[in-house]
Amino acid sequence: IAYYIRYLFFDSQSISIALLSPFLILPVVIWILNYYRKYSFSAIAGLLGFNISLFLVASSESQATGVFMHFISASAVAIFVFEFEQRWKSIAFISLSVSLFIIANLVPMDFIPYRTYSPENERLFFILHTVGTALISCFSLFSLLGEHHTLQKGLRKHQKTIESQNRDLRKANEELDRFVYSASHDLRAPLASIRGLVTLMDMENPDGNSDYTAKIQSRISVMDSFINDIVNYSRNSRTEIVEEKVELHKLVEDVESSLSHFDNAESVSIINEVPKDVVIPTDHYRLRVILTNLISNSIKYADLKKERPFVKINYDDSKNQRSITIEDNGIGIDKEHLPKVFDMFYRATQLSKGSGLGLYIAMESIEKLNYKIEIDSEAKIGTTFNIQMPKT
């Protein structure tokens, strides 16, 4: 509107009213679109209309007026109004402004009436257009800087909040670690005492209450296993990965030995088919937790009605990845339960005596190591776990 009034004040040519009328119409169109929250359409319509109107004006008068400099203004505004995610729109409008500037200055537009001004008015227009271009471009630049400053200020404030929350979280984690360690120690101590007393009872009176003491021992084992699950879960989620060379065959043997006290352990054959020379780089503790939970799961749900219950552990080293397979011929899992077996506290069978944490902790450890696991199972046939370890 200001440009329109300025031109009418210095220009009495009738064609100027027609050429400059878009500068009156555009603000109205932009205001209406903004009112209805069509901000993207408003920016596109405004920039497109301004570039075309500017092209018509620049093609109709001498270059000495400097009106073509507003193509710089249009480019600056294009950068300002579109966010970085929409930078292709900014690039498109900058390209349009540059193209129209070249055409207006090099290609004669005979169909547009030419307007003439006195040298004094040309100089005056040149000054006004230069000042206008500088003001609009600086406004766009300072607006961008203002937004950047506001974002930086918000980010710094957000960063301070995150740092404060991280400190609180680290403190809470440390306290939780101390609690888990203390609780596991304090709970295991009386369990060990009870187990010792029950063993003494059996030794002093072997023909007495053997059924009751066996049940007590069984419940102690369940409680001890649950405490161990809690410790493993806490340690897995809070300790860093420590990669070392692990002798897989020996690790499987160690796991087998640690599970010898499990119910059914004496009735289930653990077949270690991992070659003795296999050495893999991994986190020893986490892989042990994974194998312990998967093999113990196979032992717990062994089908003792079968002639030879077994758990078989295999290793395969292909071109792209290594894999460990744990196969059993136990009671199996119904297909409907398979998607949920790795959920916390989920029990796929009423025969379950555990906490429902074992497979969940195994999955947590697998994800921590960036491994993958597949499960295939059929009720009354058996279950197969396949751990996939990509080569780095």
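For Ile103, state whether it is over 29 Å from Leu151 (Cβ atoms) and either without any contact (Cβ under 8 Å) to a residue 40 or more places away in the chain or open to solvent by less than 70 Å² (accessible area, probe 1.4 Å) (or both).
The answer is yes for Ile103.
Yes/no per residue for (1) in a loop (DSSP other than H, G, I, E, B); (2) under 18 Å from His129 (Cβ atoms); (3) in contact with a helix residue (DSSP H, G or I) (Cβ under 7 Å, 6 or more places away or on another chain); (4) of a type in the set (A, V, I, L, M):
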residue: Ile25; (1), (2), (3), (4): no, no, no, yes
residue: Asn51; (1), (2), (3), (4): no, yes, yes, no
residue: Ala64; (1), (2), (3), (4): no, yes, yes, yes
residue: Ser75; (1), (2), (3), (4): no, yes, yes, no
residue: Glu85; (1), (2), (3), (4): no, no, no, no
residue: Asn105; (1), (2), (3), (4): no, yes, yes, no
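Can you tell me which residues in segment 259-270 are exposed (fewer than 15 other Cβ atoms within 10 Å of the Cβ) and touching a residue at least 12 places away in the same chain (Cβ under 8 Å)?
Scanning segment 259-270 gives His261, Ser267, Ser269.
Filter segment 107-127 for residues that are outside any loop (DSSP other than H, G, I, E, B) and open to solvent by 60 Å² or more (accessible area, probe 1.4 Å) and give the result.
Pro119, Glu120, Arg123, Phe126, Ile127 - these are the residues of segment 107-127 that are outside any loop (DSSP other than H, G, I, E, B) and open to solvent by 60 Å² or more (accessible area, probe 1.4 Å).
Any chance segment 211-226 includes a residue that's at pLDDT 85 or above, open to solvent by 80 Å² or more (accessible area, probe 1.4 Å), assigned to a helix (DSSP H, G or I) and within 30 Å of Lys305 (Cβ to Cβ)?
Checked segment 211-226: no residue is at pLDDT 85 or above, open to solvent by 80 Å² or more (accessible area, probe 1.4 Å), assigned to a helix (DSSP H, G or I) and within 30 Å of Lys305 (Cβ to Cβ).
State yes or no: is Tyr285 of a type in the set (Phe, Trp, Tyr), open to solvent by 20 Å² or more (accessible area, probe 1.4 Å) and in a strand (DSSP E or B)?
No.
Has segment 173-190 got any residue that is open to solvent by less than 100 Å² (accessible area, probe 1.4 Å) and at pLDDT 80 or above?
Within segment 173-190, none of the residues are open to solvent by less than 100 Å² (accessible area, probe 1.4 Å) and at pLDDT 80 or above.
Could you grab me the full set of residues in segment 369-383 that are over 27 Å from the mean Cα position of the chain (by Cα) and crowded, with 18+ Cβ neighbours inside 10 Å?
Within segment 369-383, Ser377, Gly382, Thr383 qualify.
Sort out which residues of segment 319-345 are open to solvent by 50 Å² or more (accessible area, probe 1.4 Å), of a type outside the set (D, E, K, R) and part of a loop (DSSP other than H, G, I, E, B), and write them in order of number.
Matches in segment 319-345: Asn320, Met344, Phe345.
To keep it simple, each residue is scored yes or no on (1) on the phi > 0 side of the Ramachandran plot; (2) among the hydrophobic types (A, V, I, L, M, F, W, C); (3) open to solvent by 60 Å² or more (accessible area, probe 1.4 Å); (4) touching a residue at least 40 places away in the same chain (Cβ under 8 Å).
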| position | (1), (2), (3), (4) |
| --- | --- |
| Leu33 | no, yes, no, no |
| Phe41 | no, yes, yes, no |
| Leu47 | no, yes, no, yes |
| Phe50 | no, yes, no, no |
| Leu54 | no, yes, no, yes |
| Glu61 | no, no, no, yes |
| Met69 | no, yes, no, yes |
| Glu85 | no, no, yes, no |
| Trp88 | no, yes, yes, no |
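The values are calculated or read from the model by the stated rules, or taken from the named source; none is laboratory data. Model, not experiment: these values are computed from the prediction. Positions of Cβ are generated from backbone atoms using ideal geometry, with glycine treated the same way; all protein chains shown enter the neighbour counts. Heavy atoms of the whole protein, side chains included, go into the accessibility calculation; ligands, DNA and RNA do not. Shrake-Rupley method; radii C 1.70, N 1.55, O 1.52, S 1.80 Å.
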